[in-house]
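Below is one structure; the comments refer to it alone.
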Amino acid sequence: MADISIKNRIEKLREEIERLRNEYHIKNNPKVTDDVYESLTRELHDLEKKYPQYRDPNSSINRVAGAPLPEFKKMKHDIRMLSLNDVFGEDEIVDWETRCLKMLGNRTSLNYFCEVKLDGLSASLHYKDGKFIKGATRGDGFVGEDITENLRMIESIPLFLKGNIKGEIEVRGEVVMTKKSWESLNKKQEKFGRPTFANTRNAAAGSLRQLDPKIVKERGLDFFAWDIASYPTNIKNHSDKHKILKEIGFQVAPYEREANNLKEVFSFIKEVGVIRPKLPYGTDGMVISVDNIEIQDSLGIVGKAPRYMVAYKYEAERATTVVTSITVNVGRTGVMTPLAHFNPTLVAGSTISKATLHNMDQIERLDIKVGDTVVIQKAGDVIPEVVEVLTNMRTGKEKKFKMPEHCPVCNFKIERKMGEQESSVAYYCTNKNCPARSRRGMQHFVNVYEIYEIGPKILDRLKDEGLISDAADLFTLEAADLSGLERFGEKSAMNIINSIHSHRKVLLWRFIYALGIIHIGEQTAQDIANHFGSYIKISKASIDDINSIPNIGPVVSKSIYEYFNQKENIAFINKLIKNGVVIDESRVAKSNKLKDKTFVLTGTLETLSRDEAKKMIIGEGGRVSSSVSNKTDYVLAGSEAGSKLGDAQKLGVKIITEKEFLKMI
């Protein structure tokens, strides 16, 4: 990316982040989810770090929350309310610890305190001699909004603290709304034609900013304390603060733990990550603190955030990226499905580089163009998809996508028809014999390549979702493409992807056989591979060259010749190679020990699988047949041999054991 493009991208990011920040924190009317906001912020942070010449101290990423609403009185914080730096992944937590230890100098390890980060609105509560006197939002960190009367309406905020506490105490925490209350509130909002809330955080924030305290009371907000900013007596650890908070009448985050090292921190993060979707409150991460307060004071604060505390963010289900191109795939019914391609982007724990756009109606609805900054989503059983275009990020260089006039697989004309749903439009390949529409041909391909994890139903689903047009597209799939399929988890998706990757390298005869050339069976493919020894020689062979191979007649020769002289077939082969398929030409017959000898296998062998024995025979120049005839030279028989053994005895074919076979080669 040229310097001018980098600078323009940074400026665009700043403008959009500032606009979204204002919508999110000031107007309480977010246009995007937290995941999207954080994705844009992270990109800006990375660019400013990589290109310091474009860094701006007034950048949005250096600000905390937003300015107070004019409807409420302003309240200055006695102690600044800080924001936290985010970390993503274990590596970044390790880097954070390394920085802390380096600053401290005289320590080699640290103790930590972990607590679930609830997704709500931060608030500060002030008590005098145990009595609640005032409260405020975080605001910009220095000045917040006086929401004292609204806070009084929250049942879980004690108006009088337990114990005989004298003097002033400031408690900080999160005002939240349960998922159940949020759903109920949105139903009421819809009933009366009012706008709904995007998530529990915004429902809590919107409720807390109501001028009428009665509305706050009706909405059933909750409060979880997470810090004591000031307290009459000395406190040694952050974990001690939580113990005190519970003793004086507050509830704290439902999941918290002291940790002696990062290994224990990571274990707790994973433990909560499993149950997090089922928690009654929205959560977006885990707050990790250096537990000892004296050490916290030594580490201090930099900019807007403390050095001694970070917010680990769980994998986002949405992220932002830039569309680099749009292509189309052909489904098994001939329908054309557009796919957006972009640089590899981490979302919901998977790195993806493409996402479905479903159809032209969706492209037009989103108004998506090549070069657009978009929001991509992957959650649960959802195939990665583009859900939104951030039009404010446009530079004017974006290009509109047009559906091609001809099928990218067979080059037949594409026809525009009404879709299955009323008023929807779909595009179809008009060639009923288009290779992309052949289910049987694709299943034959994966079977020959021994990718047994992919069955007919999976192939159908991949084609219906527009993830593949032909067998060559299988080698471009990623785990993220599959993990969103119905009844697919990450493990099964990875098993399929690993199987595909492990079968990229294929023997020459398998490569020829998998192409599905008419009249070319397994044995014929082996004979052709053994005779020519390379794909190039096969593709350039004349009919006479092919016909000279023993056991191959003129009909088969013509079929092979015609296949390799059709440009569509060569394009498919080139696509296979481009997508990573490697033709192994080094394992054509190793020797001629078994040349012109035909074997039939039956029963269970002692040390070899039948497939291994088969490969050994072919490797030594022999042939393998599925049935016994007068042309059979040997029947290799194991235990529990079937009817083929009887056929061999009737025809007088020599029967050999595995031991005799191994001696032969």
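We did not get these values from a lab; they are worked out from the coordinates using the rules stated. Since we're looking at a predicted model, the values are computed, not measured. A quick note on method: Cβ atoms are made from the backbone with ideal geometry, for glycine too, and the neighbour counts reach across all protein chains shown.
To the nearest 0.05, what FRET efficiency results for K214 and N392 with a Förster distance of 35 Å applied to their C-beta separation? After rounding to 0.05, the efficiency reads 0.40. Assign one of three labels to the stretch 187-318, namely rounded, prolate or oblate, based on the Cα gyration tensor with a ≥ b ≥ c the square roots of its eigenvalues; rounded applies when a/c is under 1.5, prolate when it is not and a/b is larger than b/c, and oblate otherwise. Verdict is prolate for the stretch 187-318. 3J(HN,Hα) along the stretch 609-621: 7, 5, 5, 5, 4, 4, 5, 5, 4, 5, x, 9, x Hz, from the Karplus curve 6.51 cos²θ - 1.76 cosθ + 1.60 with θ = phi - 60°, whole Hz, x for Gly and Pro.
Taking each of K191/K217; K615/K659; K162/K217; K597/K654; K593/K650; K76/K117 in turn, the alpha-carbon distance tops 18 angstrom for K191/K217; K162/K217; K593/K650; K76/K117.
Taking the chain, the Cys residues with no second Cys beta-carbon under 4.7 angstrom are C100, C114. Amide hydrogen proximity for L84: with H placed 1.01 Å from N in the peptide plane, no residue at 5 or more positions away or on another chain lies under 5 Å.
Nearest 0.05, what FRET efficiency do A571 and E612 give at R0 = 56 Å with Cβ-Cβ as r?
Details: r = 35 Å, r/R0 = 0.63.
In this case the efficiency is close to 0.95.
The HN-Hα couplings worked out from phi for the stretch 555-560 by the Karplus form 6.51 cos²θ - 1.76 cosθ + 1.60 (θ = phi - 60°) are 5, 5, 4, 5, 4, 5 Hz, whole numbers, x standing for Gly and Pro. One equal scatterer on each Cα of the stretch 470-614, no solvent, Debye formula: the resulting log10 I(q)/I(0) at q = 0.09, 0.16 Å⁻¹ is -0.37, -0.98.
What is the extension gain from T196 to K417, computed as 0.36 nm multiplied by their sequence separation minus the C-alpha to C-alpha distance, in nm to one decimal? Write down the numbers at each step before the final one.
Numbers: separation 221, 0.36 × 221 = 79.56 nm, distance 3.66 nm.
Full-extension gain reported as 75.9 nm.
Against the main long axis of the alpha-carbon atoms of the chain, helix 3-21 sits at an angle near 50°. Relative to the first principal axis of the alpha-carbon coordinates of the chain, what is the inclination of helix 490-502, with its axis defined by its Cα atoms, in degrees from 0 to 90 and to the nearest 10? The helix 490-502 is inclined about 40 degrees to the chain.
Under a 5 Å amide H cut-off, with hydrogens placed 1.01 Å from N, V143 pairs with H77 among residues at least 5 apart or on other chains.
Return the FRET efficiency for the residue pair K74, K7: r is the Cβ-Cβ distance, R0 is 35 Å, and the value is rounded to the nearest 0.05. Let's see the in-between values first.
Details: r = 37 Å, r/R0 = 1.05.
The computed FRET efficiency comes out at 0.45.
All Cα-Cα distances of the stretch 74-313, cut into 5 Å bins from zero to the largest, leave 1, 6, 13, 17, 18, 17, 13, 8, 4, 2, 1, 0, 0 percent in each bin in turn. Restricting the calculation to Cα atoms, the chain shows an Rg/Rh of 1.11 when the hydrodynamic-style radius is the Kirkwood one. Sorting the segments 462-472, 146-156 by their residues' average number of neighbouring beta-carbon atoms within 10 angstrom, most packed first, yields 462-472, 146-156.
What size of dipole, in debye to the nearest 20, comes out for the stretch 74-313 about its Cα centre when the only charges are +1 on Lys and Arg C-beta atoms and -1 on Asp and Glu C-beta atoms?
Details: 38 positive and 34 negative charges, 145 e Å.
About 700 debye.
Given in Å, the Rg to one decimal and the Dmax to the nearest whole number for the Cα atoms of the stretch 154-256 are 16.3, 52.
Any chance you could give the angle, 0 to 90 degrees and rounded to 10, that helix 179-191 forms with the longest Cα principal axis of the chain? Taking the Cα atoms of the chain, the angle to 179-191 is about 90 degrees. Oblate is the label for the stretch 260-300. Its Cα gyration tensor axes, ordered a ≥ b ≥ c, give a/c of at least 1.5 and b/c at or above a/b.
In plain terms, the chain from N433 to D545 could stretch by 37.4 nm, reckoned as 0.36 nm per residue minus the Cα-Cα distance.
Cross-link pairs exceeding 28 Å between alpha carbons, from the set K134/K166; K102/K166; K179/K463: K102/K166; K179/K463.
For K537, the aspartates and glutamates whose Cα comes closer than 13 Å to its Cα, not counting residues fewer than 8 places off in the same chain, are D545, E585. Within the same chain, aspartates and glutamates fewer than 8 places from K246 are excluded, and of the rest, those with a Cα less than 17 Å from its Cα are E115, E155, E170, E174, D222, D227, E256, E258. Where only DSSP H runs of four or more residues are counted, the chain gives -10500 deg cm²/dmol as its mean residue ellipticity at 222 nm, each run worth -39500 (n - 2.57). Based on the alpha-carbon gyration tensor of the stretch 598-664 and its eigenvalue square roots a ≥ b ≥ c, which shape applies: rounded if a/c is under 1.5, prolate if not and a/b is larger than b/c, or oblate? It comes out oblate by the Cα gyration axes. DSSP finds beta bridges in the chain, and of those with both partners inside it, around 80 percent are antiparallel.
Here's how it looks for S230: its modeled amide H is under 5 Å from those of E170, which are all 5 or more places away or on a different chain. Counting beta carbons within 10 Å around each of R257, R440, R394 and listing the fewest first gives the order R440, R394, R257.
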